[in-house]
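What follows is one structure encoded as structure tokens, with my remarks underneath.
Here, each number is a calculation from the coordinates, and none is a lab measurement. Quantities reported herein were computed from a predicted structural model and do not represent experimental measurements. When we count neighbours, we look across all protein chains shown, and the Cβ atoms used for this are built from the backbone with ideal geometry, even at glycine.
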Amino acid sequence: MDDKDCIDLIDVCYGAISSPSEWQRFVDLLTEALNADAGDFVIEDYASGVADPLGSTGFDPTLRLTYDEDFLGHNPWLSKLQKLPRFQAFSNDHEPSDFERSAYFNEWVRLACPLRVVRFNC
């Protein structure tokens, strides 16, 4: 992605803050920019057991239900994120050591999702 595309994407993201209908456009553009087959931008509410999608593209809608029912709060990546110090970036270097052995990976990511997926959680 070149600098102009990146700046345009940031502009769409900032625009979505005041116009929530723009989140879908943001997810579509980011998914395309990252050459992913699917993208998801969600707010996960563990108290209610629901992952509220702000924008989603390339997913079978029934997959949202299986994620919410079976894996909400059990994503090993999110456990690592919760332990991350403030203002520290998260990268693939932080992948949980047991990620590929987790039920989340083997029963949802590997079997239910396309190979190139981008998922953003808040």
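Numbers at a glance
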item	result
Linear extension gain, ASP37 paired with ASP8, 0.36 nm per residue minus alpha-carbon span	8.4 nm
SER18, SER48 arranged by Cβ crowding within 10 Å, fewest neighbours leading	SER18, SER48
